[in-house]
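Q: I have a structure I would like to understand better, so I am pasting it below and will then ask my questions one at a time.
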Amino acid sequence: MKKTEKEKKMKKINALEYGKKIGEKKDFVCIICPNSCRLSAEVGPNGDVKINGYACQRGLEYGTQEFLEPKRTLITTMRIKNGVLPVLPVRSDKELPKNKIFEAIKIINQYEIEAPIKMGDIIIENLLNLGVNVIASRDMEISKK
Amino acid sequence: MNSVTENSEPKLNYYETDVAIIGGGPAGLAAALSAYKENVKVIIIERDFELGGILQQCIHNGFGLRYFKQELTGPEYAQKFINEIKKTNIKVLLNTMVIDLTADKKITALNSEIGLIKIKAKSVVLCMGCRERTRGAINVPGTRPAGIYSAGMVQRLINMEGYIPGKRVVILGSGDIGLIMARRLTLEGIQVVCVAEILPYCAGLVRNRVQCLEDYNIPLLLSHTITAIRGKNRVEEVVISQVDDRWLPIKGTEKVFKCDTVLFSVGLIPENEISLKAGVILDRTNGPAVNEYLETNISGIFASGNVLQVHDLVDWVTIESEKAGKNAAEYAKGIERPSKLMTPIKTIPNKNVGYILPQRIEYVDKEKLVQFSMRPRFPDKNVVVQFISKNNVFYSKKLSHVIPSEMINLTVNLDIAKLSDSIEVNIVPSE
């Protein structure tokens, strides 16, 4: 029962609000698990999204999200002063739209921070007003040299 | 006999320990913590300036889904273990390279500041990981200019040392490191011209192909390989040719790609030089052949992680190493095992099984749950994994798909009385 309610809820999404056109189609592979289901997405006459080919609820959710607005976790490094290494690995604490990744990297590359840093420290708040923070992936102690 | 002792040469750095862990990467960290929980003295010997091993350069996410039930980056996964180590009194020797190991568990190591170190351990866990195959290992013809790297080396240069290796890159090999580096280079503003793969399918995980190549429109050339590298001082171009089903280049298919850098992502080799010094026998995995305690042929020397078998998920390295660490601690404490079989039971990888671990079963338990890991030779769908002994399929498991890049882990209950001296393992189509 729960599944069908969720499915109904998902079908209420209006794809037109995401810049999709009626009849627009896309074929892609689900990456949630190694089954690698071949998904096909299509915008129906009312702007609803039809996903075919999924084998589970997670696949349906991934397919819908991936078709309407693909999102990725941002992973990169940034310059750090006085650390045991010259660069610090960082990541976004949530996924952000895929088409914002390069813009986000440009912002991050403008920063230079200073050691010491602890894993999970927020380095940049609310990146590009997306409601996403950039956080440190590890501790970075001060270099003794 | 080793003549160096604490008394005869007081200046020498000498340690006695219950368990010595060689290597402070993901395997060593897990093995050390698990041994420590058994209330024994533990030493980790690590050649780098910090713990964490390869995880520190694998800054991408996707680690820990099984073990921590959350998606972590490599450094985060490592940090969680390092933080646990800091709470213990496990002795950590950094910048220390093990140069010798004997069958009676004497370790010789070098440290750039304090010099020679000798360690006497009751048991040892080999956690040295693996290293990359290079251009030389696959005999790519051409000149020898600057700009030729292994993929993992560039990963370290960019992610830890802050260097950019070039501007236009061709990657050979579609294993996970190759795919992840294609994305990483792209994000750093470097153009990835293409990824060439000699196999007719992508060697890495599907999620990596989608998220690393397709996201950035990087071409993947299947059944292709580099047949020449050109350039005098710096790489100027590579020639890529299509290959036939025997991996031989097809004449007339050569294409030239301009680039200044070539990355090789062509496989990993377990690093077992130290193991060999102790007399450890290696299997077709290039790692030690072990029994169900993850113990090598040398009593009290155990192995886990990539030095044992090249893993695709660090979570399994952790799970395997926790077992090896616990077993090494119990060995050091002298805890007795169940009675030993007269003849060990050998496991034999057969139809579409590339290898299987453990390679032998040596002890009789009442409840004999053994964790097996294996890889198929080629991808297949709707198969069944069969364990056969005395012409009887005593265990079978259906799988919807198998691919060489994904290790298969199965826990099997063995009834020793019903087995002969060998177990044959097949992956065959299910009916």
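Q: Go through the range B:350-431 and name the trypsin sites (Lys or Arg not before Pro) that are in a DSSP coil and have 11 or fewer other Cβ atoms within 10 Å of their Cβ.
A: On the way: sites: B:LYS351, B:ARG360, B:LYS366, B:LYS368, B:ARG377, B:LYS381, B:LYS390, B:LYS397, B:LYS398, B:LYS418; in loops: B:LYS351, B:LYS366, B:LYS368, B:ARG377, B:LYS390.
Counting only loop positions with at most 11 other Cβ atoms within 10 Å, the trypsin sites (Lys or Arg not before Pro) in the range B:350-431 are B:LYS366, B:LYS390.
Q: Starting from the amide H of B:GLY166, placed 1.01 Å from N in the peptide plane, find each other amide H under 5 Å away whose residue is 5 or more places distant or on another chain.
A: Amide H to amide H, under 5 Å and 5 or more residues apart or across chains, B:GLY166 pairs with nothing.
Q: Using the basic label-point model (7 angstrom from Cα toward the beta carbon), what is the A:GLU114 to B:ASN83 distance in nanometres?
A: About 2.5 nm separates the two model spin labels.
Q: If you look at just the Cα atoms of the range B:285-346, how large are its Rg and its Dmax in Å?
A: 12.3, 36
Q: Oh, and also: Which residues' amide hydrogens lie under 5 Å from the amide hydrogen of A:VAL29, considering only partners 5 or more residues apart or on another chain, with H built in the peptide plane?
A: A:LEU39
Q: Please compute the length gained on full extension between B:GLU236 and B:ASP215, using 0.36 nm multiplied by the number of residues separating them and subtracting their Cα-Cα distance.
A: Numbers: separation 21, 0.36 × 21 = 7.56 nm, distance 2.70 nm.
Result for the pair: 4.9 nm of gain on full extension.
Q: Okay, next question. Under a crude label model (7 Å from the Cα following the beta-carbon direction), how far is B:VAL370 from B:LEU110 in nanometres?
A: It is 4.1 nm.
Q: Please list, in order along the range B:225-233, the HN-Hα scalar couplings obtained from phi with the Karplus expression 6.51 cos²θ - 1.76 cosθ + 1.60 (θ = phi - 60°), rounded to whole Hz, x for Gly and Pro.
A: Whole-Hz 3J(HN,Hα) from phi for the range B:225-233: 8, 7, 10, 7, 10, 10, x, 8, 8.
Q: Using Cβ contacts closer than 10 Å as the measure, can you line up A:GLU42, B:GLU188, B:GLU336 from fewest to most? Spell out each step's value before the answer.
A: Working: A:GLU42 18, B:GLU188 15, B:GLU336 6.
By the 10 Å Cβ count, ascending: B:GLU336, B:GLU188, A:GLU42.
Q: With unit charges on the beta carbon (Lys/Arg positive, Asp/Glu negative), name the residue among B:ALA137, B:SER304, B:SER223 whose Cα is farthest towards the positive pole of the charge dipole of chain B.
A: B:SER223
Q: Sorted from fewest to most neighbouring beta carbons within 10 Å, what does the list A:GLU17, B:GLU362, B:GLU431 look like?
A: Working: A:GLU17 9, B:GLU362 17, B:GLU431 5.
Fewest-to-most Cβ neighbours within 10 Å comes out as B:GLU431, A:GLU17, B:GLU362.
Q: So, one more: Along its principal axes, what span do the Cα atoms of the range B:343-429 show, with the longest given first and each in whole Å?
A: That gives 34, 21, 19 Å along the principal axes, largest extent first.
Q: So which of B:LYS41/B:LYS277; B:LYS122/B:LYS333; B:LYS326/B:LYS346 end up more than 20 Å apart, counting from Cα to Cα?
A: On the way: B:LYS41/B:LYS277 24 Å; B:LYS122/B:LYS333 8 Å; B:LYS326/B:LYS346 24 Å.
Violating the 20 Å Cα-Cα cut-off are B:LYS41/B:LYS277; B:LYS326/B:LYS346.
Q: Considering the options B:LEU55, B:THR102, B:ALA35, tell which one lies farthest towards the positive end of the dipole of the range B:1-122, charges being +1 on Lys and Arg and -1 on Asp and Glu at the Cβ, about the Cα centre.
A: B:ALA35
Q: Only Lys, Arg, Asp and Glu count, each charged at its Cβ (+1, +1, -1, -1), so figure out the dipole size of the protein assembly as shown about its Cα centre, rounded to 20 debye.
A: Values: 79 positive and 66 negative charges, 155 e Å.
The calculated dipole for the protein assembly as shown is roughly 740 debye.
Q: For chain B, what does the helix formula give at 222 nm: sum of -39500 (n - 2.57) over DSSP H segments with n ≥ 4, over the residue count, nearest 500 deg cm²/dmol?
A: Values: 7 runs with 74 residues, N = 431.
It comes out at -5000 deg cm²/dmol, rounded to the nearest 500.
Q: For the range A:75-136, give the magnitude of the charge dipole about the Cα centre (Cβ charges: +1 Lys/Arg, -1 Asp/Glu; no others), in debye to the nearest 20. Could the numbers behind the result be given before it?
A: On the way: 8 positive and 7 negative charges, 33 e Å.
With Lys and Arg at +1 and Asp and Glu at -1, about 160 debye.
Q: Report, by chain and number, residues whose modeled amide H sits under 5 Å from the one on A:LYS20, excluding near sequence neighbours (fewer than 5 apart, same chain).
A: none
Q: Using Cα springs under 10 Å in a Gaussian network model of chain B, which residue among B:ARG133, B:ARG246, B:ARG284 shows the largest mean-square fluctuation?
A: Comparing B:ARG133, B:ARG246, B:ARG284 in the GNM, the peak value goes to B:ARG246.
Q: Next up: Could you calculate the FRET efficiency of B:THR343 with B:LYS398 from 1/(1 + (r/R0)^6), where r is the beta carbon distance between them and R0 is 30 Å, rounded to 0.05? Can you show the working numbers first?
A: Details: r = 32 Å, r/R0 = 1.05.
So, using R0 = 30 Å, E works out to roughly 0.45.
Q: Using Cβ contacts closer than 10 Å as the measure, can you line up B:ARG131, B:ARG209 from fewest to most? Don't jump to the answer; show the numbers that get you there.
A: Numbers: B:ARG131 15, B:ARG209 24.
Going from sparsest to densest Cβ surroundings: B:ARG131, B:ARG209.
Q: A further question follows. In whole Hz, what ³J(HN,Hα) sequence does the range A:124-130 give by Karplus (6.51, -1.76, 1.60; θ = phi - 60°), x for Gly and Pro?
A: With the stated coefficients, the range A:124-130 comes to 10, 8, 6, 4, 6, 6, 9 Hz.
Q: Any chance you could list the semi-axes, whole Å, largest first, of the equivalent ellipsoid that the Cα gyration tensor gives for chain B, using √(5λ)?
A: Details: eigenvalues 279, 177, 71 Å².
Ellipsoid semi-axes (Å, largest first): 37, 30, 19.
Q: What do you get when you divide the Cα radius of gyration of chain A by 2.2 N^0.38 Å, with N the number of residues? The partial results should precede the final answer.
A: Working: Rg = 19.8 Å, N = 145, 2.2 N^0.38 = 14.6 Å.
With N residues counted in chain A, Rg over 2.2 N^0.38 Å equals 1.36.
Q: If you stretched the chain out fully between A:ASN46 and A:ARG58, how much longer would it get, using 0.36 nm times the residue separation minus the C-alpha to C-alpha distance?
A: Details: separation 12, 0.36 × 12 = 4.32 nm, distance 2.39 nm.
Extra length available between A:ASN46 and A:ARG58 comes to 1.9 nm.
Q: Please give the contour-minus-distance gain from B:PHE378 to B:MET407: 0.36 nm per residue of separation, less the Cα-Cα distance, rounded to one decimal in nm.
A: Once the chain is fully extended between B:PHE378 and B:MET407, it gains 9.2 nm.
Q: Can I ask one more? Tell me, what HN-Hα J-couplings in whole Hz come from the Karplus equation 6.51 cos²θ - 1.76 cosθ + 1.60 at θ = phi - 60° for each residue of the range B:383-394, using x for Gly and Pro?
A: With coefficients 6.51, -1.76 and 1.60, one gets 10, 10, 8, 10, 10, 10, 9, 6, 6, 10, 6, 9 Hz.
Q: If you don't mind, there's one more thing I want to ask. For the range B:37-53 and the range B:177-222, what is the separation of their C-alpha centers, rounded to whole Å?
A: 35 Å
Q: I'd like to know which of B:MET153, B:VAL243, B:SER174 lies farthest towards the positive end of the charge dipole of the range B:134-266, counting +1 on Cβ of Lys and Arg and -1 on Cβ of Asp and Glu.
A: Positive-end residue among those listed: B:MET153.
Q: Which one, B:SER112, B:SER150, B:SER304, has the greatest fluctuation when you compute a Gaussian network model over chain B with C-alpha springs under 10 angstrom?
A: Largest GNM mean-square fluctuation: B:SER112.
Q: Would you kindly calculate the mean projected area, averaged across all directions, of the convex hull enclosing the Cα atoms of the protein assembly as shown, in square nanometres?
A: Average of the hull's projected areas for the protein assembly as shown equals 31.4 nm².
Q: Would you mind working out the magnitude of the charge dipole of chain B relative to its Cα centre, with +1 at each Lys and Arg C-beta and -1 at each Asp and Glu C-beta, to the nearest 20 Debye? Write down the numbers at each step before the final one.
A: Numbers: 52 positive and 47 negative charges, 71 e Å.
Magnitude of the dipole: close to 340 debye.
Q: Additional query: What does DSSP give for chain B in terms of the percent of beta bridges that are antiparallel, rounded to the nearest 5? Walk me through the numbers before you get to the answer.
A: Working: 57 of 97 bridges.
Among the beta bridges of chain B, antiparallel pairing accounts for roughly 60 percent.
Q: Okay, moving on. Just to be sure I understand: of the beta bridges DSSP finds with both ends in the protein assembly as shown, what percent are antiparallel, rounded to 5? All intermediate terms of the calculation are to be shown ahead of the outcome.
A: Numbers: 80 of 123 bridges.
Approximately 65 percent, going by the DSSP bridge assignments.
Taken together, the values in this text are just the output of simple stated rules run on the coordinates, not laboratory data. Please read all numbers here as calculations on a predicted model, not as lab measurements. Using ideal geometry, Cβ is built from the backbone for each residue, glycine included, and neighbour counts are taken over all protein chains shown.
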